[in-house]
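Structure, as structure tokens:
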Amino acid sequence: MNVWFNKSFSVTAAQIQALAGTRYVAHASHTDPTHAVMHATPHHFLEPRGLVGEAYITWMQRMCEARNLDVIVAAKERERLADHVDAFAEFGVRVVTPASRAVQQHLERKDEFLTAWDPEILPIPRWTTFQDLASFERGLDELRADGVRLCIKPARGIYASGFRVLSERPDRAAFFGGQLYQMTVTAARELFAEAPFEHMLLMHTLEGTERSIDCVAWQGTLLAAVVRRKEGASQRLEDRPDLMEAARRIAARYGLSGIFNFQTKDQHGTPHMLEINARASGGLYLSMASGVNFTKLMLDAATGEQVRLTTGTVGLTVAEHKAARIVEEPQGVMS
């Protein structure tokens, strides 16, 4: 069965490699010929640069017909692809998207997500939004508390883009200690003096242990979850029934299908929800060390196989080890 992973992040290479020896044949595409996914499978092809929207969907339909593709694991334009699941099904192609377009957009908009979140699943830190200097100042007045640092981040974004912990005055030790995600309140005021800008979140900074929970589900039913506790350069795969239950409730609440992730951080020993990402996390390959084959579980469920809740090995300490990869051979020998 031919499975297409369209343009995505580098962690997709690990998902593709997990299909070795299965009935699934991975095909990958990207605009960058040197990208990791283009070297994870011999079945790869380039995507046109700058192609987006409905034109991209039409191109995908042509590729499915030309290359005899059976399943699409949606990444680029995944929100839009959710509207075209039935259209692809008409010519025999299954499209795996996390949820409807509306649900995906809801999870991407962190302010909307936090407003509607059920704190009985997991509590959340105190937070507010701002979109100009005046609302930033109001948020500071509202959230300041003794012994609590505040932080900012975009209401929509990936990884740590735009995230900063605020300090009242410059911290030389933090500066020379390589703590890159700090900013003084004065600098933030200068940054946000000119409006408009995209909605930002202002939140209490949680100072406890951070965890990343990688999950796979199908139509709201959890198939597997692995909890990673971050410990500097390494991470620990934990046995956490409370977070497994949270994963089950999250999958059901949003009707999720495929691989997703949520992030927590402790406050006084209690995990608090930070965000849900309706996609594979950048650290999914670390959770795969548990023995859980997230990609195969997703595809088995998508193609109608009976899949039961799967558990992985816990208690492992895992770490990343980078390696060089040749992406282009020399055209000649220089003398």
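General observations
- Here the chain is assigned +1 on the Cβ of each Lys and Arg and -1 on the Cβ of each Asp and Glu. Its dipole about the Cα centre then comes out at about 520 debye.
- Percentage, to the nearest whole number, of Cα pairs in segment 81-147 over 21 Å apart: 52 percent
- Shape of segment 149-202, Cα gyration tensor, a/c cut at 1.5: oblate
- The label-point distance for LYS230 and ARG149, in a model that sets each label 7 Å from Cα toward Cβ, rounds to 1.3 nm.
- Additional length obtainable on full extension of the chain from GLU54 to ARG169, 0.36 nm per residue less Cα span: 36.5 nm
- For segment 233-335, the dipole from Cβ point charges (+1 on Lys and Arg, -1 on Asp and Glu) about the Cα centre works out to 200 debye, to the nearest 20.
- Were the residues from THR186 through ARG249 laid out at 0.36 nm apart, the gain over their Cα-Cα distance would be 18.6 nm.
- Structure-based [θ]222 nm, the chain - -39500 (n - 2.57) summed over DSSP H runs of at least 4, per residue, nearest 500: -7500 deg cm²/dmol
- Dimensions (Å) - segment 2-97, Cα atoms, principal axes, largest first: 30, 30, 22
- Beta bridges assigned by DSSP with both partners in the chain are antiparallel in approximately 70 percent of cases.
- Highest-first arrangement of 133-143, 147-157, where packing means the average Cβ count within 10 Å: 147-157, 133-143
- Direction-averaged projected area, Cα convex hull, segment 135-263: 10.0 nm², rounded to one decimal.
- Additional length obtainable on full extension of the chain from ASP86 to ASP239, 0.36 nm per residue less Cα span: 51.2 nm
Bear in mind these aren't lab numbers, they're just calculated from the coordinates by the rules spelled out. In this text, all values refer to a predicted model and were calculated from it rather than measured experimentally. As a convention, Cβ positions derive from the backbone with ideal geometry for all residues, glycine included, and neighbour counts pool all protein chains shown.
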